Amino acid sequence: MDYQTIIQKYYPTNNRLRHILLEHSRSVTQKALRITQLHPELKANETFIEEAAMLHDIGIYLCNAPGIECLGNEPYICHGILGANLMRHEGLPEHARVCERHTGAGLTRTSIIEQNLPLPHRNFLPETIEEKIICYADKFFSKTHLDHEKTIEEAEQSISKFGAEELARFQIWHSLFAEKTL
């Protein structure tokens with residue numbers, strides 16, 4: 001599987017949006033791979049993590065977020081679902097799961113309903129270790145400040161907008177994935 005070919009298919013123009021997608025995805029990928037290398041006991045599939053982390057935000061171009069050059073029509077919160085549809089069309093159902101489950105620290109059906117989010121009323125929780133690592137790593141990087149890795153406090157503040165349950169899930173992941181000294 002060649003994620004670069006897929007990115008080129010959906011982002012063929014060398015423009016600001018492609019740059020944002022690639023820079024953000026590379027940062028997430030590097031952090032996710034660093035976690036797998038620091039925690040071999042997790043037995044995470046590094047090849048899959050590289051592919052899926054590079055593709056986790058593939059659906060952003062379909063969304064309306066002008067601040068990051070996304071000029072589509074859909075609400076930004078839908079980018080994961082939209083990306084998942086693209087990945088399923090590409091024959092990549094496991095990669096699709098990462099796309100649809102990386103928002104927040106995953107979203108529950110209850111939180112989607114309570115927050116009146118424009119998403120299907122079902123759970124979008126990371127389940128595999130790879131899904132969890134990518135979701136966790138993603139929380140340290142925004143698409144508006146590409147050169148900054150958030151501190152744990154900044155990541156927690158950002159995730160708290162999704163709710164207490166999502167924050168608690170992120171904090172559990174932090175205890176599992178935190179970088180340790182070798």
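The values are calculated or read from the model by the stated rules, or taken from the named source; none is laboratory data. Please read all numbers here as calculations on a predicted model, not as lab measurements. A quick note on method: Cβ atoms are made from the backbone with ideal geometry, for glycine too, and the neighbour counts reach across all protein chains shown. Surface accessibility is based on the protein's heavy atoms, side chains included, excluding ligands, DNA and RNA. Shrake-Rupley method; radii C 1.70, N 1.55, O 1.52, S 1.80 Å.
Per-structure values
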{"read-out": "Loop-located trypsin sites (Lys or Arg not before Pro) in the stretch 30-114, at most 15 other Cβ atoms within 10 Å (DSSP)", "value": "K43"}
{"read-out": "Which listed pairs, of K43/K139; K9/K43; K43/K143; K43/K150, have C-alpha distances above 24 Å, in listed order", "value": "K9/K43; K43/K143; K43/K150"}
{"read-out": "Extension reserve of the K161-M1 stretch, reckoned as 0.36 nm per residue once the Cα distance is removed", "value": "54.1 nm"}
{"read-out": "Under the Karplus curve 6.51 cos²θ - 1.76 cosθ + 1.60, θ = phi - 60°, whole-Hz ³J(HN,Hα) for the stretch 40-49, x wherever Gly or Pro sits", "value": "x, 5, 6, 6, 7, 7, 5, 4, 5, 4"}
{"read-out": "Ranked order, S175, S160 - accessible area, probe 1.4 Å, largest first", "value": "S175, S160"}
{"read-out": "Per-residue ³J(HN,Hα) for the stretch 161-174, Karplus 6.51 cos²θ - 1.76 cosθ + 1.60, θ = phi - 60°, Hz, x for Gly and Pro", "value": "5, 8, x, 5, 5, 5, 4, 4, 4, 4, 5, 5, 4, 4"}
{"read-out": "Additional length obtainable on full extension of the chain from T144 to H174, 0.36 nm per residue less Cα span", "value": "8.5 nm"}
{"read-out": "Phi to ³J(HN,Hα) by Karplus 6.51 cos²θ - 1.76 cosθ + 1.60 over the stretch 130-143, Hz, x for Gly, Pro", "value": "5, 4, 5, 4, 5, 4, 4, 4, 4, 5, 9, 9, 9, 9"}
{"read-out": "Surface accessible to a 1.4 Å probe, K9 within the full protein complex, Å²", "value": "110"}
{"read-out": "Percent breakdown of C-alpha pair distances by 10 Å bin, ordered from the shortest bin, for the stretch 31-182", "value": "11, 40, 39, 9, 0"}
{"read-out": "Average accessible area per residue (Å²) across the stretch 76-182 - probe 1.4 Å, nucleic acids and ligands excluded", "value": "49"}
{"read-out": "Point-to-point label distance, L22-R34, nm (Cα→Cβ direction, 7 Å offset)", "value": "2.2"}
{"read-out": "Value of D in µm² per second that Stokes-Einstein yields for the stretch 131-182, Kirkwood Rh from Cα pairs, at 37 °C (0.692 mPa s)", "value": "285"}
{"read-out": "Long-range HN-HN contacts of E74 with modeled amide H, under 5 Å", "value": "C63, N64"}
{"read-out": "For the stretch 75-95 versus the stretch 1-52, the gap between their alpha-carbon centres in whole angstrom", "value": "15"}
